[in-house]
Each structure stands twice: as structure tokens, then as C-alpha cells.
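Asker: Below are the C-alpha cells for one structure; questions will follow.
The values are calculated or read from the model by the stated rules, or taken from the named source; none is laboratory data. Keep in mind that this is a model prediction, so the values were computed, not measured. All Cβ positions, even for glycine, are placed from backbone atoms using ideal geometry, and neighbour counts span all protein chains on display. Surface areas here come from the heavy atoms of the whole protein model, side chains and all, with no ligands, DNA or RNA. Shrake-Rupley method; radii C 1.70, N 1.55, O 1.52, S 1.80 Å.
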Amino acid sequence: MDTGGNSLPSGPDGVKRKVSYFYDPEVGNYYYGQGHPMKPHRIRMTHALLAHYGLLQNMQVYKPLPARERDLCRFHADDYVNFLRSITPETQQDQLRQLKRFNVGEDCPVFDGLFSFCQTYAGGSVGGAVKLNHNICDIAINWAGGLHHAKKCEASGFCYVNDIVLAILELLKQHQRVLYVDIDIHHGDGVEEAFYTSDRVMTVSFHKFGDYFPGTGDIRDIGYSKGKYYSLNVPLDDGIDDESYHFLFKPIIGKVMEVFKPGAVVLQCGADSLSGDRLGCFNLSIKGHAECVKFMRSFNVPLLLLGGGGYTIRNVARCWCYETGVALGTEVDDQLPQHEYYEYFGPDYTLHVAPSNMENKNTHQLLEEIRNNLLDNLSKLQHAPSVQFQERPPDTELPEADEDQDDADERWDPDSDMEVDEKRPIPSRVKREAIEPERKDSEAPKGSAEQARGFDNMATNETLSTKSVDVRPMAIDEPPVKVEQETSNKASDPIYPKS
């Protein structure tokens, strides 16, 4: 199988990359409810594997600052964000009309700590974008992010806040063009919709299509107005295997990189496209899934790796652990190390799981038609658009180091540019863990209500106005970095059946 990409001379595929990794120890404690397939506990399982394989030692580990309301409102409607902040399991019966309006309650339930959960995963994705913008790393990772279904005014498909859109908006401050690639089994509808009329963000989604959630992502959906041909949809059928997937992924993404020339790439690595997923129907191996990460890495373009779907959680942890190794350029042993979640991975206790013998309904003829259709669309983009930065928001600055550690209350001056990237040795296999730095505020107002469909006046304009993508501050009253605790006062996640 072809394993390479078109590596740039400045960064051969064998060269190690600097990787920033975002993780909050509390994220695994959030609980969607009994029987719900989305289990944030999978993020903690992934982190445990990374720790026991020794991969954390090779990355800069950050605890993300939680996104504040104003940060979320750079994309989401104010009243929707206010609703997420205020709703609780105890008060939801008094807000039935609001629940219906914002599509919250069934697939997207109200649970304890809902808004904190949203702040945490969004903060990690935006924080990763900031690190990339400031050349702190080559690759940033937030496995808690990638919730691609959330819309401007409503929750959808287990997703409440669209951290991907927020991260892309951050990247657009520094880069003229950003590429979004989605390998979740479900169509990346929330991200596509946000940038559907923009020629500065190209979205490419590989997904199951046909009587499958969310029902969007037809190959004929190609973008609109200035965004025409900047949305690519790759509709797939049940049982697609590694070889068939790469037959489409590599030539299409290779052509996208050649024609669009993005300054940064966001790759959503939803693991529900793996074989044996509880909700999925594809037949990718972990190595086949990770080959997409390897291929994107080979272009030597700033890369943000995010999580997404994935409902057989032992395989999700396997996949994202292996893909972290791919990002680092490190081989990971197939034999799993002993760790606190070791029993989840029986009876084989290996990292890789063989795909099934399910039928691949994607015929070679169908795959060729899809590939030729999409390559033809890409040929209609003569060259990468030239974007004039006549006016744009100020860069989100990484603050200067503050050597005065004596008075913590005086240290955190919200108007200062001081270091909150406090690096402390902590007991464990973690090399270091730091609080993600403060993001500097902007005086600009929020976007207008007319932007309900895709960023008509936001990401689509050739100039990024301060009105459309203003920099929002993050909370700086963060407690000191703490070592992950294995006990929790939140509802604990039940062990996923090891069938």
C-alpha cells in the first residue's frame, strides 16, 4: 500500500514534528447519561494509553483554558450560548420550548456540567490553533474536540459547540486559506455549512451517504457563490476498506493541496469510521484510518488533529493513541502496556484489531466515478485565491514570561501580556503540563444576526473585518495545573461491554 505523501523539501516525512497536546483531566468525568453512545471517558482512556506508552514525554502537554461565552459567540448565537450556560438537569423541565428550539434533549441531552464540557473541548481546539499560529508547534492535538455537527443556533448529533469552526476562525487570522478534512463516518455538516460561501476555507468530507445521519453531504453539494467548488463531499457506502478509502483519499487530498495551497489544515479524525464501531458501518483498520493522518502530515503544513465520533470506546482509544504516535513519527508497539484500563482491551490486549469480513458495497466503478467527478471539480479551481488582508483582527498573542511568582493575585493582570504558560514538573510519565496561555481580548463587537447561514459576512469576505472574527479573551483565573485524579465526584462512566 502506498504510504507516502507529497512531502515538501523543507519537511520530509521522516523528520520529527513538534507536537502540542491538549488534555483536561476532568473531561472523562462528563457523562451524557445511561445508554448514550457518546462517552467522554474515551478521552481519558486515550490519555492513559499515551502515558503508559511514554508518548507524553515527547510532546508539550497543555491543560486548555476553557472557552468563555464571548469566545463561543464568535460563531454561535448569543441566546444559544446563554441557554447552554444556564440549562441544568434540574431546570430543563421548565424550559421545554427552549429545549425544542435549540434541539437539546434527545441525541444532545442536558447533563451535569454540560457548559463546562463545551468550554473545555472548545478551549483545547482554539488553543491548538493559537499554538500553530505562533509556530510553537507543527502539529496540535485535541482529541476531545472535533464535534462537527453543532450549528450556529442549535445542537446536533451529540455536538453542542462547534469547536472546529472556532479553531478555523482562529487560524484564518494568520493564514489566508485553511483546509478542513473530515474522516468521521458522518458528514461534517456543521463545518461545511459555516463556510459554504467562503473561498478561504475548503471543506472535504468522506462519509457514509444514503439514509444515514445527518442526511447531507451529496457529491453535488459543492459550495455557493464565492464558495462554489470549495466544498467537496465524498459519499461512501457500507463496508469500505483501507484500499478503497485510500484510492479516493490520496488523489483527492493530493490535488486539493496542490490547487488550494492551504496555510493550515484541520483534520477531524472521527473514529466511528473504524471497523466494528457501535454506530458505524465502515471497515477501516486503525492503520488504514491513521494512514490519512500520515498522509496529511507528509505535506509539512501546520496541522490541527481533532477527535470526533467513535462509539466502541476501546477502539477509539487504540486509534487516537496510534495516531498520536503517527503525528510524533514514533512507532508504537502492538502489545498494550499494563495500565488502569487494561481490561477493556481483552482478550487480545493489542493495539491493532483486524477488520471484519463484511461486504464492501463500494464497487471499483463507483469509486472511479466519485474520484473523477471530484477531481474534475477541483480542476475548475485554476489557482489558490489571493486574499487581501486590508483589515483583520489583531493576532492572539502569546504573553511574555512573568518572572515574579510571589503574588498570584497581582500577577494576573488582564491587560498585561504575561506568561501563563507555566511549565512545572509533575510526578508521572508526563514530560510537562502547562496551562494554555491567555488569549488577548479585542474591542470588536460580535457578528450580526444576518450571518445565520454560513459566515456570509464572516469567513466569506476577502477581508476579515474586526466585526466578523474578533479575538475573544479566555479566562485566566485558572487553578494551578493538577495531576489527573482517578476519582471523581461526577457520575462515573460505566465500563463499555468488551464483546
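Asker: I'd like the carbon and sulfur percentage of the solvent accessible area for segment 172-319, probe radius 1.4 Å, heavy atoms only, ligands and nucleic acids excluded. Present the calculation step by step, with values, prior to reporting the outcome.
Answerer: Details: 1620 of 3480 Å².
After summing per-atom areas, the C and S share lands at 46 percent.
Asker: Under a crude label model (7 Å from the Cα following the beta-carbon direction), how far is LEU279 from GLU340 in nanometres?
Answerer: According to this spin-label approximation, the distance is 2.6 nm.
Asker: To continue, here is another question. Please report the spacing between the Cα centers of segment 92-130 and segment 247-292 in Å, no decimals.
Answerer: Each part's Cα centre sits 27 Å from the other's.
Asker: Next question, about the same structure. At 1.4 Å probe size, with no ligands or nucleic acids counted, give the accessible surface of THR203 in Å², nearest ten.
Answerer: It works out to around 10 Å².
Asker: In what sequence, largest accessible area first, do HIS47, HIS134 appear using a 1.4 Å probe? Don't skip to the end; give the middle numbers.
Answerer: Details: HIS47 15, HIS134 60 Å².
The ranking, largest first, comes out as HIS134, HIS47.
Asker: Distance cut-off 18 Å, Cα to Cα: go down the list LYS250/LYS294; LYS255/LYS294; LYS18/LYS261; LYS18/LYS131; LYS18/LYS294 and report the pairs above it.
Answerer: Working: LYS250/LYS294 11 Å; LYS255/LYS294 16 Å; LYS18/LYS261 22 Å; LYS18/LYS131 11 Å; LYS18/LYS294 15 Å.
As for pairs spanning more than 18 Å Cα to Cα, those are LYS18/LYS261.
Asker: Then there is this: Where a ≥ b ≥ c are the square roots of the eigenvalues of the C-alpha gyration tensor, would you call segment 94-252 rounded, which needs a/c under 1.5, or, failing that, prolate if a/b is larger than b/c, or oblate?
Answerer: Values: a/c = 1.59, a/b = 1.14, b/c = 1.39.
Oblate, since a/c reaches 1.5 and b/c is not below a/b.
Asker: In addition: log10 I(q)/I(0), Debye, Cα-only segment 38-164, no solvent, q = 0.13, 0.16 Å⁻¹?
Answerer: -0.57, -0.81
Asker: From the Cα gyration tensor of segment 114-170, with a ≥ b ≥ c the square roots of its eigenvalues, which class applies: rounded if a/c is under 1.5, or else prolate if a/b is larger than b/c, or else oblate? Can you show the working numbers first?
Answerer: On the way: a/c = 2.48, a/b = 2.02, b/c = 1.23.
Because a/c hits 1.5 or more and a/b exceeds b/c, segment 114-170 counts as prolate.
Asker: Answer with one residue from LEU179, ASN142, CYS159: the one whose Cα lies farthest towards the positive end of the charge dipole of segment 132-181, charges on Cβ with Lys, Arg +1 and Asp, Glu -1.
Answerer: Projecting each Cα onto the dipole axis, the largest value belongs to LEU179.
Asker: P(r) for segment 250-389, please, calculated from all Cα pair distances in 10 Å bins and given in %.
Answerer: 10, 32, 34, 17, 6, 1
Asker: If I stretch the segment between ASP112 and LYS100 completely, what's the gain in nm (0.36 nm per residue apart, minus their alpha carbon distance), one decimal? Show your work: numbers first, answer last.
Answerer: Details: separation 12, 0.36 × 12 = 4.32 nm, distance 1.90 nm.
The span from ASP112 to LYS100 would gain 2.4 nm if fully extended.
Asker: Figure the gain on full extension for GLN365 and THR330 (residue separation times 0.36 nm, minus the Cα-Cα span) and round it to one decimal in nm. Walk me through the intermediate numbers first.
Answerer: Working: separation 35, 0.36 × 35 = 12.60 nm, distance 3.67 nm.
Separation in residues times 0.36 nm, less the Cα-Cα distance, equals 8.9 nm.
Asker: Continuing with the same structure: Would you mind computing, in nm to one decimal, how far apart the modelled labels at LYS380 and LYS16 are, each placed 7 Å from Cα along Cα→Cβ?
Answerer: Going by the 7 Å Cα→Cβ label model, 4.6 nm.
Asker: OK, next. Could you give the dipole magnitude of segment 217-297 about its Cα centre, charging the beta-carbon of Lys and Arg +1 and that of Asp and Glu -1, in debye to the nearest 20?
Answerer: Values: 10 positive and 11 negative charges, 115 e Å.
Roughly 560 debye, rounded to the nearest 20.
Asker: Still on this structure: Please work out, to two decimal places, the log10 of the ratio I(q)/I(0) at q = 0.27 Å⁻¹ from a Debye calculation in which every Cα of segment 70-134 carries one identical scatterer.
Answerer: Results for segment 70-134 at q = 0.27 Å⁻¹ read -1.24.
Asker: Quick one: with all protein chains in place, what share of the accessible area of segment 1-156 is carbon or sulfur, to the nearest percent (1.4 Å probe)? Don't skip to the answer; put the middle values down first.
Answerer: Numbers: 2510 of 5560 Å².
It is 45 percent, rounded to a whole number.
Asker: Under 20 Å from a point placed 7 Å out from the Cα of GLU258 along the Cα-to-Cβ direction: which residues of segment 222-237 have their backbone N that close?
Answerer: Within reach of a label on GLU258: 229-234.
Asker: Accessible area per residue for segment 103-150 in Å², computed with a 1.4 Å probe and the full protein assembly in place, what is it?
Answerer: On the way: 1070 Å² over 48 residues.
For segment 103-150, the solvent-accessible area averages 22 Å² per residue.
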